[in-house]
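To start, the structure under review is shown below, and the notes come after it.
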Amino acid sequence: EFTGDKLDETKWNRLGDSKRRDGYWIKEDAYVNGQGSLLLRTRKDGERYTCGAINTRGKFEHTFGYYVARCKMPKQPGHWSAFWMMSPGVNKVGDEGRDGTEIDIVEMPWRDGKITMNLHWDGYGTAHKSAGTQTTIPGLTEGFHDYGLRWTEKEYVFYVDGKEVWRSSAGGVSQVPEFLKLTNEIGKWAGHITKAVLPDYFELDYVRVYDAIP
């Protein structure tokens, strides 16, 4: 829950300050607004464009269960938001995704309600493998929506507002703890940032993780 007036850094790491894609991740662009939301801001800072990102690496890493974020997506072009999971084992080659998979629970580079969910494993070089899908739900362009993942030993099941949109066992399914990431990304996949009216925001009401139980 993003209550209070300060990000709980016993759970979250603010990323930056560092180059990221066509912009920069800057720590001050990730903050709690004092009204129950986390804001990941995208803005123009002089000649450069900056945005915010956080993760739970080293603070909360977990395996099977149900993961859900309630959030409102940005409106402007040139940047996109993502709720995803990662493990250092993603870079290992030889055991498919079982030793770590990048799990993209949702990304929305488009502005018509189209989203994408993806899995990546066996590193990001010549051995890289992936699987994914896209779906369009026009109502996602307005207000808050829930994006969820049910991760079991045998499969991943992806949800939007509680309704299943994709399931997959591609890569053999990660069997190792993974950390959460909430990020803004600046890049041409989402259009041209020079056309954006900034600042723009990825707003999150909460992120919740439920244990898998027998």
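Quick look at the numbers
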item	result
Aspartates and glutamates whose Cα lies under 15 Å from that of K27, excluding same-chain neighbours fewer than 8 positions away	D8, E9, D17, D45, E185
Charge sum, other residues only, whose C-beta stays under 13 Å from Y206's C-beta, Lys/Arg counted +1 and Asp/Glu -1	-1
Calculated P(r) tail over 12 Å for the range 135-182, as whole % of Cα pairs	69 percent
Nearby lysines by direct alpha-carbon distance to K154 (threshold 30 angstrom, same-chain neighbours under 8 apart not counted)	K11, K59, K92, K114, K129, K163, K181
10 Å beta-carbon shell around G132, net charge (K/R +1, D/E -1)	-2
Radius 13 Å from Cβ of D17, net charge of other residues (Lys, Arg +1; Asp, Glu -1)	+2
Structure-derived percent of Cα pairs over 28 Å apart - corresponding label in (i) 29; (ii) 25; (iii) 41	(ii)
Spatial separation of Cα centroids for the range 80-112 and the range 142-177, in angstrom	12 Å
Label-reachable residues, the range 149-169, where backbone N falls under 15 Å from a point 7 Å from Q175's Cα toward its Cβ	152-155
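Each reported figure results from applying straightforward, stated rules to the coordinates on display, with no laboratory input. Because the structure is predicted, anything quoted here is derived from the model rather than measured. Cβ: placed from backbone, ideal geometry, glycine included. Neighbour counts: every protein chain shown.
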